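Let me begin by presenting the structure, written as structure tokens, before commenting on it.
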Amino acid sequence: MNMKYTITTPLYYVNDKPHLGSSYTTIACDAIARFQRLSGNTVLFLTGVDEHGQKIERTAESKNLQPQLHCDEITEKYKYLWDKLNISYDRFVRTTSPEHKKLVHDFYSKVLASDDVYMGRQSGWYCVGCEEYKDVDSNEEDPMCSIHKKNLEWRDEENLFFRLSKYQKKIEELIHLDGFIAPKSRKNEIINFVSKGLKDFSISRVNLKWGINVPGNDEHTFYVWFDALLGYVSGSLVNQQAPEITDVSLANWPASIHVIGKDILRFHAVYWPAMLLSAGMEPPLSVFGHGFLTREGQKMGKSLGNVLDPIELLEYGGLDAMRWFLLRDIEFGEDGDFQMRRFVDIVNSDLSNTIGNLLNRTITMSKKWFKDSIPVENPSFTKSHLNEISNIKINQYMQSFKHNNFKDAANSIIDLANSANLYLNERAPWKLIKDISNKEIVANDIYSVLESCRLIGVLLYPFVPDLSTRILDQLNIDSSSISFKKSLEWGLLDPLNGLKDAKPVMNKIEYINSSS
Ligand SMILES: [Zn+2]
């Protein structure tokens, strides 16, 4: 059944250029989007940037730039990197666009109409890095932000408040729904937070120019989170030129999934659904909070000098290696560690040896013994058990992927490739072929292994679209024509299609010890 599927990455804060963490999130979303497209669904894949707030204003100031120019500069870096990572996004949202601003105003009028906004006073310790008021022990003299390790600033100002407390019951119901918050470990954290009672939160700031103005309160701009979360809606509108909240324009809403880092789960699983309910809109169907990456067991940070730049990693290992490792080795949802040695070993073992060599040597044998082409199976001979194994592995792959368990889905592909390698080694067609009367047996064996390679090529597509395309191309199959419905049945490899010349589809990476 064809379904609409809307997936979003976080809207990345343009304080600094994209790092490995945002690349990881975006690659994961890309894999999901590609999986959903192969499943026959109509996908809207949305990414973009969050550009307002005091932190951006100050960063631009420190660089002696107009905030807009600073935002333009960083935004280009995101777009450049997403292209390099072969991210198949459909829309790129910028919260400084006039369309987004209009949408924010339209949304605000609906929240006002629900009587969910009032003027109040807010005082407390504020972290500009987090754009958040912090709970501080009253005895503390110079309180710091535990995340940013910077002094908090005392604020005492008039703000507009959103009546979050009114939505206590509805939010409780929502967060208990099966699958709304994933993985399960994060669900309890939110249930615990909400059970303490939701407090109204301020949605405007005064004396901050770099933001969207609040209609009717000219000295206020919208709180950056209030504005940024709405980017998901403005990006999903059917008609981008007419940013209004109507049934027709919201055809791609609600989002099927917001994929985010675990640090911003509260905003997405509590504040955001309440804002939507207030405006008479549906909350997202699910929120997935993934973990953080460390490097060689250590937190990455500028001050530690151990930040792994995604562009450098890309230049070193290549795109397929980077995508494969991040999705295959790190349990999505948990924290993960990037180790260079492990990166090289896993990529070489999985992609170069297990999959690449299998394809390469089988094509070589096939061409040599079967007139430069693919042998025709003889149905009167017993079929290889690779047919059954592939059915089992495809099933496991589907189940794992549906739960965003990339690691298990990747393992199913490797299992199938291992089985095909084992089968080749056990059957040893290079020995059998020496007796010409075995030719039909060998034909069936070679066909089975090549057919397994075709299935592997299809299953790899969401993970490593480039490598998948190269594998399928060797089998003379156009990767743009594949789908799960049409491509996963055993026996679809057509001998009449022929084969290209065998050439390595994945070069090995050489390990360079760089502890810098
Ligand atoms: Zn902070």
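Measuring from centroid to centroid over Cα atoms, what is the spacing of the stretch 288-327 and the stretch 471-507 in Å? Using only Cα atoms, the two centres lie 32 Å from each other. Note: relative contact order over the chain, using C-alpha pairs below 8 Å and six or more positions apart, is 15 percent. Here the stretch 239-394 carries DSSP beta bridges of which approximately 20% are antiparallel, counting only pairs with both residues inside.
Shown in residue order for the stretch 427-441 are the 3J(HN,Hα) couplings computed by the Karplus curve 6.51 cos²θ - 1.76 cosθ + 1.60 at θ = phi - 60°: 6, 6, x, 5, 8, 4, 5, 5, 9, 4, 5, 8, 4, 6, 5 Hz (x for Gly and Pro). State the answer as a single residue: which of SER236, ALA182, ASN207 lies farthest towards the positive end of the charge dipole of the stretch 167-242, with beta carbon charges of +1 for Lys and Arg and -1 for Asp and Glu, about the Cα centre. Checked the options; the winner is ALA182. Helix content alone sets the calculated 222 nm mean residue ellipticity of the chain: runs of n ≥ 4 DSSP H residues at -39500 (n - 2.57) each, divided across all residues, give -13000 deg cm²/dmol.
In the stretch 67-222, the convex hull through the Cα atoms has an average projected area of 12.6 nm², a quarter of its surface area. Cross-link check: pairs LYS170/LYS407; LYS434/LYS485; LYS393/LYS508; LYS199/LYS262 evaluated at a Cα-Cα cut-off of 32 Å; pairs beyond the cut-off: LYS170/LYS407; LYS434/LYS485. The long axis of helix 67-84 is offset from the longest Cα principal axis of the chain by roughly 10 degrees.
A simple rule links phi to the HN-Hα coupling: the Karplus curve 6.51 cos²θ - 1.76 cosθ + 1.60 with θ = phi - 60°, which for the stretch 385-402 gives 6, 4, 4, 5, 4, 4, 4, 5, 5, 5, 4, 4, 4, 4, 4, 5, 5, 4 Hz, with x for Gly and Pro. Derived scalar couplings between HN and Hα for the stretch 464-474 equal 10, x, 5, 5, 4, 5, 5, 5, 5, 4, 4 Hz in order, rounded to whole Hz, by the Karplus curve 6.51 cos²θ - 1.76 cosθ + 1.60 (θ = phi - 60°), x for Gly and Pro.
Longest segment of the chain with no trypsin sites (Lys or Arg not before Pro) in a DSSP loop having at most 15 other Cβ atoms within 10 Å? With trypsin sites (Lys or Arg not before Pro) excluded where exposed in loops, the chain gives 210-301 as its longest stretch.
Taking the Cβ-Cβ separation of PHE381 and GLN339 as r and a Förster radius of 60 Å, what is the calculated FRET efficiency to the nearest 0.05? The pair PHE381/GLN339 has a calculated efficiency of 0.80. Under 15 Å of direct C-alpha separation, and excluding same-chain neighbours fewer than eight residues apart, LYS184 reaches these aspartates and glutamates: GLU331, GLU334, ASP335. The 1.4 Å probe gives accessible areas that order ILE456, ILE147, largest first, as ILE147, ILE456.
Summing Lys and Arg as +1 and Asp and Glu as -1 over all other residues whose Cβ lies under 14 Å from the Cβ of ILE441 gives a net charge of 0.
Mind running the shape call on the chain? Use the C-alpha gyration tensor, a ≥ b ≥ c as the square roots of the eigenvalues: rounded below 1.5 for a/c, prolate if a/b tops b/c, oblate otherwise. Prolate.
Take LEU65 and LYS434, extend 7 Å from each Cα along the Cα→Cβ direction, and tell me the distance between the two endpoints in nm. About 6.9 nm separates the two model spin labels. Surface analysis of the stretch 255-322 yields an accessible area of 37 Å² per residue, using protein heavy atoms and a 1.4 Å probe.
Per residue, the accessible area of the stretch 119-193 comes to 62 Å², computed with a 1.4 Å probe over protein heavy atoms only. For the chain, DSSP calls about 50 percent of its internal beta bridges antiparallel. Is the shape of the stretch 357-516 rounded, prolate or oblate, going by the alpha carbon gyration tensor and its root eigenvalues a ≥ b ≥ c, with a/c under 1.5 for rounded and a/b larger than b/c for prolate? Prolate. Sites listed here are GluC sites (Glu not before Pro) in the stretch 421-516 whose DSSP assignment is loop and whose Cβ has at most 13 other Cβ atoms within 10 Å: GLU489, GLU510. If R₀ is 35 angstrom, what is the calculated FRET efficiency for the pair ASN507 and ASN192, using the beta carbon separation as r and rounding to 0.05? Calculated transfer efficiency: 0.10.
Annotation: amide H of HIS220 within the under-5 Å range of VAL214, sequence separation 5 or more or interchain, hydrogens built in the peptide plane.
Counting only Cβ charges, +1 for Lys and Arg and -1 for Asp and Glu, the dipole size of the stretch 251-341 around its Cα centre is about 220 debye. The chymotrypsin sites (Phe, Trp or Tyr not before Pro) of the stretch 478-516 that DSSP puts in a loop, and whose beta carbon has at most 13 other beta carbons within 10 Å, are TYR511. The alpha carbon gyration tensor of the stretch 77-136 gives principal lengths a ≥ b ≥ c with a/c of 1.5 or higher and a/b no greater than b/c, which makes the shape oblate. Each Lys and Arg Cβ is given +1 and each Asp and Glu Cβ -1; about its Cα centre, the chain then shows a dipole of about 1300 debye. Taking the chain as a whole, the Cys residues whose C-beta sits 4.7 Å or farther from every other Cys C-beta are CYS29, CYS71, CYS453. Inter-part distance, the stretch 341-402 to the stretch 116-139, computed on C-alpha centroids, equals 58 Å.
Heavy-atom surface analysis with a 1.4 Å probe gives the chain a carbon and sulfur content of 48 percent of its accessible area.
The values are calculated or read from the model by the stated rules, or taken from the named source; none is laboratory data. Only a predicted model underlies this, so the values are computations on that prediction, with no experimental measurement involved. Methodologically, a virtual Cβ is constructed for each residue, glycine included, from the backbone with ideal geometry; neighbour enumeration extends over all protein chains shown. The area values use the complete protein model at the heavy-atom level, side chains included, leaving out ligands, DNA and RNA. Shrake-Rupley method; radii C 1.70, N 1.55, O 1.52, S 1.80 Å.
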